[in-house]
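The structure under discussion appears below in the form of structure tokens.
The values are calculated or read from the model by the stated rules, or taken from the named source; none is laboratory data. What you see is a predicted model, and the numbers here were worked out from it, not measured in a lab. Methodologically, a virtual Cβ is constructed for each residue, glycine included, from the backbone with ideal geometry; neighbour enumeration extends over all protein chains shown. Note: accessible area is taken over every heavy atom of the protein model, side chains too, but ligands, DNA and RNA are not part of it. Shrake-Rupley method; radii C 1.70, N 1.55, O 1.52, S 1.80 Å.
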Amino acid sequence: KKGTITQKTNKDRMAVSEDYEIVSKDEESSCSSSSSSSSSSSEEESSIDETPTSAVATGKRSHLLILMGFPPEVGDSDYDPDEIEPDWEAVGEYLENSNTPDNNAQQDASIAEDGEYPLDDALWIQNYQSGPVPAIVVVGLLRLCPQALTQFSLNAASENPTLTWDVRRLLASADVDSNFTQMRSELVQLMGYPPLAGDDNDAYDQEHVIPNWEAVRQHLISHPEEAALDEDGTYPLADALWIESKPVPLDVVILLMEACPESLTDEAFVYASRNEMLIGSNVLRCMFNYNNQLLKVKAKADKDRDNGMDDDEEKDKDMIILEAEPKTQAEDEIIVPPLEVVASSGDDDKDDDGKIEADVDVAVDSEVAVAVDVTDIPEWSKKQFLRYGDVVKIISNTGQACLDIGTDCFLRTTSCTESTPTTRLILDGPSASTSAVSHPRSGPIREGDVFGIYSEDRTLRLDIGKPSMKTLKNSLGFSSWATDLYLAPADANADADASGEKKVGQIINYGDVVGIFSSSSETGFRLNIGSEAVCEVAEASRDNWGTHLRVGFLGRTVER
């Protein structure tokens, strides 16, 4: 499927010898006119696997092919698929009456001229006036000669745009042993590839495969295992990188790699490098970064084994290890517990330094992190990217408080339709020294990342502590419309990106302008960090526990 299209223009019907010998597909041997003549009296010569005597002796095509509109002489091959004028009604009657005397339909259907059966000939015809081969004719040909269904039949069908889908379904179902027609996964079909894995390379090219990347995203979330289904060694990641009609988004590449690290093959790198539509994107850089992290994780695992740590000891950790790019010392020291641990932790959960220990060690501020699969990983830790449509709690990194956009903490609520620089927000680095103003971050936002929430003009930021808030909302186990928040585009009606794809499910990157809304559509409020909403505005340079934030996940990909 990744070759150059070579459109078939003329039917190749040259005979294999001057005597117009006809090649049998099953026997792969020629029958001379003398041997055919001497055996014509045998009853077995009428078998569907043998060549009719008259065709070999005279160099004439069968009555079946003549009804299909082909010239009588075997050597006549000067015609195109749209020039053949079949009489499909007559062909159907001829096949239907195959059991009547003087009817050679079964014999005719078994003749392979230069390796091609009448089934292949019928599938090849593209005469728009007479129409494509009817399903009833395909049924008759398949029933009279089952061995006529070959890879060439599937190739001819995939190259014929006039064929109906009932004919294509008949061909797929007739391959009872799945020799040619293994169905592709739904994931690959959503990328725009034909349903049958047996479709040959010349059926389509990079511009003709039209993907639905939004559907691919949603399917990967619900069926990540399909990312590991390869077709002759080619994984869905390589399939995605090969497409040029609509280049694969970066977040889909990351999803595919994380669902199946083995899919990061040499083939995938080559396809990405050859795809001109990916020039200027960060896809290749992301792939190399991910590959480097895989090597680091493997090296660490090898070192642990060399030091005597067995597999059971590793499994007992029940943790996910995320290797990332070097971070600042302050962020390296952050230990990020899951939401449940923060809500229930007491003094017994703290180490000697007073930090809350968690069962999960998460890398902060990484563009691409590598997850090492272990048993019993908490479900929340498998969701690694912040996405439009996620329902979250926004929590201080210390676990002291969570964001509540209701009047318990704010001066007033803000309507979801109110669009100002203080409701249109940007997520960036948490520290003043690494804020969006001086050193903006880039790339996807991950669970566990500690960040700050800034106004669109980058002059103010959110502080969920006093004196900005009326009170501290420190009951992390409490849920309401004001604490369970929905991440969406900054404009409530901007539910699609520039290409027209819905943003729900797409990864949120640092620097994106977002809105933070109440999760209940009935309330219809949003976060506002302006002076009309908070008790005291926080300048972008404010740097304390109330401005260093992270998320705890409650749900994913909510349609609004």
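Side notes on the structure shown:
- Here the peptides 105-111, 467-473, 227-233 are ranked by packing, the mean other Cβ count within 10 Å, and the order with the highest first is 105-111, 467-473, 227-233.
- Carbon plus sulfur fraction of accessible area for the range 83-134, probe 1.4 Å, in percent: 36 percent
- Along its three principal directions, the equivalent ellipsoid of the range 49-162 from the Cα gyration tensor extends over semi-axes of 20, 16, 14 Å, largest first.
- Peptides 130-139, 392-401 ordered by average Cβ neighbours within 10 Å, highest first: 392-401, 130-139
- Distance between modelled label sites at residue 147 and residue 539, nm, 7 Å Cα→Cβ extension: 8.8 nm
- Per-atom-type breakdown for the range 258-307 gives carbon and sulfur 51% of the accessible area (1.4 Å probe, protein chains only).
- Probe 1.4 Å, accessible area per residue of the range 171-278, Å²: 42 Å²
- When the Cα atoms of the range 167-278 are aligned to their principal axes, the ranges along those axes come out at 39, 28, 26 Å in descending order.
- Exposure ranking of 63, 223, 208 by accessible area [1.4 Å probe, largest first]: 208, 63, 223
- With the whole protein complex present, residue 517 retains an accessible surface near 10 Å², based on a 1.4 Å probe.
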